[in-house]
1. I'd like the residue in region 159-193 that is open to solvent by 20 Å² or more (accessible area, probe 1.4 Å) and within 27 Å of residue 139 (Cβ to Cβ) and, out of all such residues, is nearest to the chain's Cα centre (by Cα).
2. With farther than 27 Å from residue 117 by Cβ, in contact with a Phe, Trp or Tyr (Cβ under 7 Å, 6 or more places away or on another chain) and open to solvent by less than 40 Å² (accessible area, probe 1.4 Å) as the only criterion, which of 212, 199 stands out?
3. From the list 270, 291, which one is part of a strand (DSSP E or B) and within 25 Å of residue 160 (Cα to Cα)?
4. Based on what the data block shows, is residue 240 under 21 Å from the mean Cα position of the chain (by Cα) and open to solvent by less than 50 Å² (accessible area, probe 1.4 Å)?
5. Looking at this structure, is residue 295 modelled with pLDDT under 95 and under 17 Å from residue 235 (Cβ atoms)?
6. Considering each of 301, 263 in turn, give the residue that is open to solvent by less than 70 Å² (accessible area, probe 1.4 Å), in contact with a helix residue (DSSP H, G or I) (Cβ under 6 Å, 6 or more places away or on another chain) and either β-branched (Val, Ile, Thr) or in a loop (DSSP other than H, G, I, E, B) (or both).
7. Looking at region 244-253, is at least one residue open to solvent by less than 60 Å² (accessible area, probe 1.4 Å) and within 18 Å of the chain's Cα centre (by Cα)?
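The values are calculated or read from the model by the stated rules, or taken from the named source; none is laboratory data. The model shown is predicted, which means the values in this text are computed figures rather than measured ones. Here the Cβ is made from the backbone with ideal geometry for all residues, glycine too, and neighbour counts use every protein chain on show. Calculation scope for accessible area: heavy atoms of the full protein, side chains included, ligands and nucleic acids excluded. Shrake-Rupley method; radii C 1.70, N 1.55, O 1.52, S 1.80 Å.
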Amino acid sequence: DLIANTTEPLDKAMLIYNFVKSKVKWNNYVGYYSDSGVKKAYKEGVGNVADINLMLTSILQYANLPANPILISTKDNGIPIVPSTSGFNYVIAGIEMGDQLILLDASSKYATQNVLPERILNGLGRIIREGGTSDWISLLPKTESKEINSLNFNILEDFSISGKVRVYNSNHLALNYRNSYAKTQNETLIKNLEKGNDITISNLEVTNALEIEKPVQYTYEFNLNSSVEEIGEDLYVSPLLFMEKEENIFKQEERVFPIDFVYPMSEKYVVNIKIPDGYTVASVPENANIVFNNSDAKFSYMANVNGDSIVQLVISLDINNTIVLPSVYNDFKEFYKLVIDKQTDKIVLKKSI
């Protein structure tokens, strides 16, 4: 009945996928063997990872969709070198449609197609097809996760700041948000945003928190003290305010294991600053484009003065290759230091004559 009026294969798959997620809840046990049996899990509405995802695979196959189980080793179980019974401890469903492979994990409430929980994004999985054939498949996400921050603020006469923020999160960044905050009350979210900052937040609105096929978006207004530094008659302000990263998290002199960013990501800030009456722009940070290891990562900083009272900035960091090997760690650490230094550069305002 669920798919009776649907002919498009992907639409059928998503209907079945969402049905299984709503029908059977995960009991927090992993494994690639069904615990109490798929029928019992279906009847009782609870089961382990294998109960849920083998059920999903079976229903997809019943609907004549080319679905098969994919064995995975979670990050805390290590990386399997060869296929073995001890090398895997998790199973998901995969649908092969032409040259497209759709990965589905119905045990994760907020996961979507090809947006899997971080705990299982661990190199390679092994797809087991009917007839006994099997192949390694990549679990690496191919679509970048985006965070776009729009920050508009005014510097007031008393040098406090008022403004508005709009944040857009897609794919794994949206999944991370939902895992942490999907059902959190606005009052708690506001406290989390205000924590550690001399800031007051109001009018918080969250969109699509539970509509998992859509990006998460939220907006809020803020008032901020102590972010403008007055030296002599000049004012110094960091364009990213409370959003800036203040230190390089990569501090080790040497690294044995790779850095794993898990998924490709793009972080962008679009900033518009209205300066106070009686001041003009003395200087803005120089524009910059920094590339790491043949575009494995890119950083861009563009600042522009629009008229006498508006400063506009577009700042972006793209991580295209999610693995940074120890052999290039020091180069990456220097790249990231340049990113942090640039993000904390200040705009200088001077009094008008």
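1. Residue satisfying both the conditions and the ranking: 173.
2. 199
3. Answer to the check: 270.
4. Details: under 21 Å from the mean Cα position of the chain (by Cα): yes; open to solvent by less than 50 Å² (accessible area, probe 1.4 Å): yes.
So residue 240 passes the test.
5. no
6. So the residue among 301, 263 that is open to solvent by less than 70 Å² (accessible area, probe 1.4 Å), in contact with a helix residue (DSSP H, G or I) (Cβ under 6 Å, 6 or more places away or on another chain) and either β-branched (Val, Ile, Thr) or in a loop (DSSP other than H, G, I, E, B) (or both) is 263.
7. yes
Rundown of residues vs (1) closer than 30 Å to residue 258 by Cα; (2) in contact (Cβ under 8 Å) with a residue 40 or more places away in the chain, yes/no style:
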site: 4; (1), (2): no, no
site: 7; (1), (2): no, no
site: 24; (1), (2): no, yes
site: 43; (1), (2): no, no
site: 51; (1), (2): no, no
site: 68; (1), (2): no, yes
site: 75; (1), (2): yes, yes
site: 82; (1), (2): yes, no
